[in-house]
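**Q** Please read through the structure below; I'll follow up with questions.
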Amino acid sequence: AGKPGASHYGVPFDAHGFLNAAPIPEAKPLGETRILVVGDSTTIDGGDIAKTLPGRIERILRADGLADARVYNFGVMSSCLTQMTHLIWSRLVTYAPDAIVVLSGSTDLFQPWTYDPRPGHPYNAFITERLYDHFFDTHDPRAREDGLSYEGLVSLIYEELKRLRAEVGWQSPGWEDAIVHHYQLAAHRLTKLSHDHAVPIVSVLQPTVLRKLHLTEVERGVASGAFLAYLDRQYAKLEAFTAELAARRPYRRTFTALDLSGIFRDR
């Protein structure tokens, strides 16, 4: 989650570290239609709470006659689907939601390219692990004695990144397949969560502006051609997988898979 009291583009996180006007009450008020939205930065961006994705959904539901609809934002910057699934299992199912919307896909694909290359890992996990090893390795007392300069920190991080990329076969076909495999594992856990807790979950494969057919000059400068080709290959696999999940609906009646990955294609 975010840091309670800190702000995201001027919007403060609540006491639980999420972007809500007030923390979600543990007990759901009588008559409330409670929707929880889980995702990455796409879910928390917008400039103010009313313009975030959950804020817009709440406005639509109330305009459609659900005056007591409350849509809570549980988006977490840079989270991957494994983290989202754990958040739902460990915390959110206890809030008696009427439905949970999960928006995922792009962070699982682009973060291993630039940050922690291990499929299914949080983008900054390797930094945390390397710092822990540096300061708490009982076989090397020098770390505690010498501290760590900024230059030393940068070297430590990039040496570990280089080592991990070699270890996982970064940018190889097998590495690409492993990323998709970990996404699929998390999605299958979501279907089971939905079934076991009888909570409707709508899992949405999110779009990304970088997959537009006609990128502007600014958009073209955001990523390399090699990365855009990788993104297309990976998204094609997630699109096929999402179609499979959608076709299995009779077996998981509480779970819905939606593919919105192409909505920016022609815009």
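The values are calculated or read from the model by the stated rules, or taken from the named source; none is laboratory data. Just so we're clear, the structure is a prediction, and the values are computed from it rather than from any experiment. FYI the Cβ positions are ideal-geometry reconstructions off the backbone, even for glycines, and counts take in every protein chain you see. SASA here: full protein model, heavy atoms, side chains in, ligands and nucleic acids out. Shrake-Rupley method; radii C 1.70, N 1.55, O 1.52, S 1.80 Å.
**Q** Once fully extended, how much extra length lies between R163 and T94, figured as 0.36 nm per residue of separation less the alpha-carbon to alpha-carbon distance? If you can, show how the numbers build up before the last one.
**A** On the way: separation 69, 0.36 × 69 = 24.84 nm, distance 4.02 nm.
Extra length available between R163 and T94 comes to 20.8 nm.
**Q** How large a share of the accessible area of segment 187-267, in percent, is made up of carbon and sulfur atoms when the probe is 1.4 Å and the other protein chains stay in place?
**A** After summing per-atom areas, the C and S share lands at 58 percent.
**Q** If you restrict to DSSP beta bridges whose two residues both lie in segment 1-94, what percentage is antiparallel, to the nearest 5? Kindly include the intermediate steps, with their values, before the conclusion.
**A** Values: 2 of 9 bridges.
DSSP beta bridges in segment 1-94 are roughly 20 percent antiparallel.
**Q** Using only the Cα atoms of segment 1-108, build the gyration tensor, take square roots of its eigenvalues as a ≥ b ≥ c, and label the shape rounded, prolate or oblate: rounded if a/c is under 1.5, else prolate if a/b is larger than b/c, else oblate.
**A** Details: a/c = 1.42, a/b = 1.25, b/c = 1.14.
The shape class here is rounded.
**Q** Now a separate question. In terms of modelled amide H atoms, which long-range or inter-chain residues lie less than 5 Å from the amide H of V101?
**A** Those qualifying (amide H under 5 Å, at least 5 residues apart or on another chain) are L36, V37, V38, V202.
**Q** Which percent of the accessible area of segment 54-124 is formed by carbon and sulfur heavy atoms (probe 1.4 angstrom)? Before the final figure, lay out each step's value.
**A** Working: 1600 of 2870 Å².
Accessible surface attributable to carbon and sulfur in segment 54-124 totals 56 percent.
**Q** Run through every distinct alpha carbon pair of the chain and return the Kirkwood hydrodynamic radius in angstroms, one decimal place.
**A** Working: mean 1/r = 0.0493 Å⁻¹.
That comes to 20.3 Å for the chain.
**Q** Here's something else I'd like to know. For segment 210-232 and segment 43-70, what is the centre-to-centre distance using only Cα atoms, to the nearest Å?
**A** Rounded to whole Å, the Cα centres lie 30 Å apart.
**Q** Out of the DSSP beta bridges found with both residues in the chain, what percent are antiparallel (nearest 5)?
**A** Numbers: 2 of 23 bridges.
Beta bridges within the chain, antiparallel portion: roughly 10 percent.
**Q** Continuing with the same structure: For segment 51-191, what is the relative contact order in percent, using Cα pairs closer than 8 Å and at least 6 residues apart in sequence?
**A** Numbers: 97 pairs, mean separation 38.8, N = 141.
Reported relative contact order: 27 percent.
**Q** Under 10 Å, Cα contacts only: if you run a Gaussian network model on the chain, which one of S149, S78, S194 comes out with the highest mean-square fluctuation?
**A** Residue with maximal mean-square fluctuation among S149, S78, S194: S149.
**Q** Quick one: accessible surface of D48, probe radius 1.4 Å, all protein chains present, in square angstrom to the nearest 10.
**A** Estimated to the nearest 10 Å², D48 gives 60 Å².
**Q** Another question about this same structure. Could you check the simple spin-label distance between F135 and A50, using points 7 Å along Cα→Cβ, in nm with one decimal?
**A** 4.3 nm
**Q** Give me the 1.4 Å probe accessible area per residue for segment 25-152, excluding ligands and nucleic acids, in Å². Please list the in-between numbers first.
**A** Values: 6430 Å² over 128 residues.
Value for segment 25-152: 50 Å² per residue.
**Q** Where does the chain land at 222 nm, in deg cm²/dmol rounded to the nearest 500, when only DSSP H runs of n ≥ 4 count, each adding -39500 (n - 2.57), divided by all residues? Provide the component values of the computation, followed by the final result.
**A** Working: 10 runs with 121 residues, N = 267.
One gets -14000 deg cm²/dmol as the mean residue ellipticity at 222 nm.
**Q** Can you list residues from other chains, or at least 5 along the same chain, whose modelled amide H is less than 5 Å from the amide H of A69?
**A** Under 5 Å from the amide H of A69: T33.
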